[in-house]
Amino acid sequence: MLFDLPDFKTLYAALLARDDRFDGQAFVGVASTGVFCRLTCPARKPKAENCTFFATIGECIDAGYRACKRCHPLQAAALADPAIGALLQALDGQPDRRWSEGDVARLGYDPSTIRRSFKRQFGMTFLEMARQRRLREGFTALAEGAKVITAQHEASFESASAFRAAFARLLGCAPADLRADALLRATWIPTPLGDMIAVSSHTHLHLLEFVDRKALPAELRRLQAAARQPIGVGAQPPSDQAAAELADYFAARSSRFTTPLAVAGSAFTQSVWDALRTIPAGQTRSYSDIARQIGRPSAVRAVARANGANQIALMIPCHRVIGADGALTGYGGGLWRKQRLIEIERKLMILNKEIAS
């Protein structure tokens, strides 16, 4: 099953408080208006007697409700904000531009409001996101064999030291240290939910993380220490396979991942990761569910730690683990991503059921 909805009192309190812990996990149908909303909807709150709570969008539609035009429950929460959508579109149109708060203001938006909105939804500001996009261009150039100075220009960094510093913060080494013949090589994979870094050997994928994950530099350092040499740059067969499978996943064509994975952890940790991979797309489990599944019902906290130690995102689906009360819990890639991933997978589940019938 997906998960059991909390009781009415808990959900109605979450609706009144616009509690984002249940965003994407529960929806409210309002009898007096005939619409269904996210619990974080900014519209005036309905009376309790007019509310019915549902676990999925499909249930809301089946019950005869139509989507709210304020909170756009059919869209990812982040993209429901018109200002965010417009700026993301502008960034896509000019990825190599050195964006500034002045540019944001000239587009008609208050820079401080935009800064808070992006930080809340993406864990980074719009300017940080734009800088990351430029860094992707430099990374791609290096992967194609370009010299560092060429990569710096591709990334639109005027200062060589700034380019080196930005690169070092991301990969833990200077761009000149990257080797094309390294055992482990990193490649950059763009996705609709943000760019990802994949690190693989010739035979296995060792890491797959969103670029803005705070733990990424430490994870890369551990991989480098294990390999006893710096991580190189360039595609390998497993990272190419991962990119193709991720494209199918985000297009809601397939949730099946067959890329060979190299996982390093204790026997307990690997048992947790194995359990995560048995959760069907479109469904969720709690930490206590996983603990019971692996035969360690009292090890809930240890399961949570193992879940957080996963460094192969999506393919080892730690995003499918939620709180016992159905609330979204911590996710290294950001709760907004966790909510969107669950939505994507529920869409996949519905499509698979339609095909089967």
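Just to confirm my filter: which helices (runs of 4 or more DSSP H) fall fully inside the range 95-213 and include at least 1 residues that are of a type outside the set (A, V, I, L, M) and within 21 Å of GLY85 (Cα to Cα)?
101-106, 111-122, 126-143
What are the residue pairs meeting all of these: first residue in the range 34-58, first residue at positive phi, second residue modelled with pLDDT under 95 and outside any strand (DSSP E or B), Cβ atoms under 8 Å, and 6 or more apart or on different chains?
Pairs that qualify, where the first residue is at positive phi and the partner is modelled with pLDDT under 95 and outside any strand (DSSP E or B), are GLY34/GLY64; GLY34/TYR65.
I'm trying to understand the selection: among the residues of the range 8-44, which are among the polar types (S, T, N, Q) and more than 17 Å from LYS69 (Cβ to Cβ)?
Within the range 8-44, THR10, GLN25 meet the criteria.
Restricting to the range 162-194, name every residue that is touching an Asp or Glu at 6+ places or on another chain (Cβ under 8 Å) and more than 23 Å from LYS147 (Cα to Cα).
Across the range 162-194, the qualifying residue is only GLY194.
(1) buried (at least 19 other Cβ atoms within 10 Å of the Cβ); (2) in contact with an Asp or Glu (Cβ under 9 Å, 6 or more places away or on another chain); (3) small (Gly, Ala, Ser); (4) not assigned by TED's automatic domain parsing to the domain that holds ALA327: which one isn't true of ALA215, the others all being true?
Among (1) buried (at least 19 other Cβ atoms within 10 Å of the Cβ); (2) in contact with an Asp or Glu (Cβ under 9 Å, 6 or more places away or on another chain); (3) small (Gly, Ala, Ser); (4) not assigned by TED's automatic domain parsing to the domain that holds ALA327, ALA215 violates only (1).
State which residue is nearest to the chain's Cα centre (by Cα) when the search covers only the range 240-289 and only residues that are surrounded by 18 or more Cβ atoms within 10 Å (Cβ to Cβ) and aromatic (Phe, Trp, Tyr).
Restricting to residues being surrounded by 18 or more Cβ atoms within 10 Å (Cβ to Cβ) and aromatic (Phe, Trp, Tyr), the top hit is TYR249.
Could you check the range 94-126 and list, in sequence order, the residues that are under 19 Å from the mean Cα position of the chain (by Cα) and hydrophobic (A, V, I, L, M, F, W, C)?
Listed by number, the residues that qualify are PHE118, PHE122, MET124, PHE126.
Please verify whether the range 337-355 includes one or more residues that are under 20 Å from the mean Cα position of the chain (by Cα), part of a loop (DSSP other than H, G, I, E, B) and not β-branched (Val, Ile, Thr).
no
Quick test for you: out of MET129, MET196, pick the one residue that is modelled with pLDDT of 90 or more, of a type outside the set (Gly, Ala, Ser) and crowded, with 18+ Cβ neighbours inside 10 Å.
Criteria check complete, one pass: MET196.
Read through the list (1) on the phi < 0 side of the Ramachandran plot; (2) at pLDDT 80 or above; (3) more than 22 Å from the chain's Cα centre (by Cα), then give the number of the only condition that GLY234 fails.
(1)
Test ALA226 against the stated conditions and say whether it is more than 27 Å from LEU335 (Cβ to Cβ) and outside any loop (DSSP other than H, G, I, E, B).
Against the criterion (more than 27 Å from LEU335 (Cβ to Cβ) and outside any loop (DSSP other than H, G, I, E, B)), ALA226 qualifies.
Please find, within the range 36-55, the residue that is surrounded by the fewest Cβ atoms within 10 Å (Cβ to Cβ) out of those that are touching a helix residue (DSSP H, G or I) at 6+ places or on another chain (Cβ under 9 Å) and of a type in the set (A, V, I, L, M, F, W, C).
By that ranking, first place goes to ALA48.
The values are calculated or read from the model by the stated rules, or taken from the named source; none is laboratory data. Just so it is clear, the model here is predicted, and its values are computed rather than measured. So basically every Cβ, Gly included, is an ideal-geometry build from the backbone, and we count neighbours across all protein chains shown.
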